[in-house]
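K.L.:
This is the structure I have questions about; it appears just below.
Throughout, read-outs are computed from the coordinates displayed, never taken from laboratory work. None of these values were measured; they are calculated from a predicted model. Cβ placement follows ideal geometry from the backbone for every residue including glycine, while neighbour counts extend to all protein chains displayed.
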Amino acid sequence: MPLKLQKPTSPLLVIVAFATVYLVWGSTYFFIRIAEQGGLPPFILGAIRFTSAGLLLMAWCAAKKEKIFVTKDIISAAITGILLLFVANGIVIWSETTLPSAMVAILVSSAPIWFVLLDKPKWAVNFKSKATIFGLVIGFAGVLLLFSEQIGSILKRPNVHSNLPWMLLLVLGTISWSAGSLYSKRNPTTVSASVGTAWQMIAAGIVYIPVSFMHHEYDHLNLHNIQTNSWLGLLYLTLFGSIAAFSAYVWLLQVRPATQVSTYAYVNPVIAVILGVVFAGEHISLMQLAGLFTILGSVLLINLAKYRKEKKEAMGLADEIKMPSGLVREPE
């Protein structure tokens, strides 16, 4: 593959982006529940959230005079947005009207496993790295350990079988999320990451609209009955969950390995538990604490393995070729 020169990625920006995805997305389960309990139907919530977030981000890009209308990039961004924000995220929003948020977080946490299984071009690398596989397995085990008590209580319910379709639907959502993320990584747009992200959110938001009509959500919608907490939850999801965190996630997919970016799914449940303790007065048992440390250990293991490999490759490239100061070889 021919050499391509690019500016090195700032380690500080990478850290900030990961922190944003880890912390903000971990809180979205909490705020989705607040928005829905306050009276906003799930698909109307998705339509308002992503359409408004996309339009705000696009307006900002237009103010910066960035290139916006590139047909090929719009199509690519729309495909990614529908897979990520409508299919995957829509299933999460919809399922939280029925399933406990803990169960939703457990099933969504399987996304890193699908990243590895669906990323065929990287099979030779991913399955060769014992640290990556071990880290993924440990992380998923940690999530199960974290919510083991909740799983036990759900399985003891007489109507547990009625939840199975929702659980299977969430698995489909995690597959869609992983597939959409990999599609985005393999089909980069020529426009900026911000413009691409804006098109993704606008496309997904538009698709939510007819679906909300199909579910007759507007038939019983009364804006006067929607509580203030619901609007505040929507505002948080739009500004922080969509614009800030999703933009950081899309950018990370361009500069970091997909399996490393996918570790957000292990940290998000941790944030969800912390919010439950602080704001809902929930109790954390020793079993849940063990799950927390297991998850954090898995993230550390995966990131350390990637860091050591990339550092070794960087040292090898430095010995192989001499590049102008401030420039690096683009990863193949």
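K.L.:
Which ³J(HN,Hα) values, rounded to whole Hz and listed in residue order, are derived for the stretch 65-77 from phi using the Karplus coefficients 6.51, -1.76 and 1.60 in 6.51 cos²θ - 1.76 cosθ + 1.60 with θ = phi - 60°, glycine and proline given as x?
P.N.:
So the J values, rounded to whole Hz, are 6, 7, 6, 10, 9, 10, 3, 4, 5, 5, 5, 4, 5.
K.L.:
Ratio of Rg to Rh for the stretch 61-132, alpha carbon only, Kirkwood? Don't skip to the end; give the middle numbers.
P.N.:
Numbers: Rg = 17.4 Å, Rh = 15.5 Å.
A ratio of 1.13.
K.L.:
Suppose the chain between ALA59 and ILE79 were pulled fully straight at 0.36 nm per residue; how much longer would it get relative to their current alpha carbon spacing? Don't jump to the answer; show the numbers that get you there.
P.N.:
Working: separation 20, 0.36 × 20 = 7.20 nm, distance 2.12 nm.
Contour length minus the Cα-Cα distance gives 5.1 nm.
K.L.:
Something else now. Once you have the Cα-Cα distance between ILE209 and LEU172, take 0.36 nm times their residue separation minus that, and quote the gain in nm to one decimal.
P.N.:
Values: separation 37, 0.36 × 37 = 13.32 nm, distance 2.13 nm.
Contour length minus the Cα-Cα distance gives 11.2 nm.
K.L.:
How large is the convex hull of the Cα atoms of the stretch 1-145 per residue, expressed in Å³ as a whole number? Could the numbers behind the result be given before it?
P.N.:
Numbers: hull volume 26.4 nm³, N = 145.
Taking the convex hull of the Cα positions in the stretch 1-145, it is 182 Å³ per residue.
K.L.:
Turning to a different aspect of this structure: At 1.002 mPa s and 20 °C, plugging the Kirkwood radius over alpha-carbon pairs of the stretch 167-307 into Stokes-Einstein gives what diffusion coefficient in µm²/s?
P.N.:
Taking Rh from Cα pairs, D becomes 118 µm²/s.
K.L.:
Between SER10 and LEU289, what length comes free when the chain is fully extended (0.36 nm per residue of separation minus the Cα-Cα distance, one decimal in nm)?
P.N.:
Working: separation 279, 0.36 × 279 = 100.44 nm, distance 3.34 nm.
Contour length minus the Cα-Cα distance gives 97.1 nm.
K.L.:
All other residues with a Cβ under 13 Å from the Cβ of LEU45 taken together, and with Lys, Arg as +1 and Asp, Glu as -1, what is their net charge?
P.N.:
Values: positive: ARG33, ARG49; negative: GLU36, GLU96, GLU217.
That sum, taken over residues with Cβ under 13 Å, equals -1.
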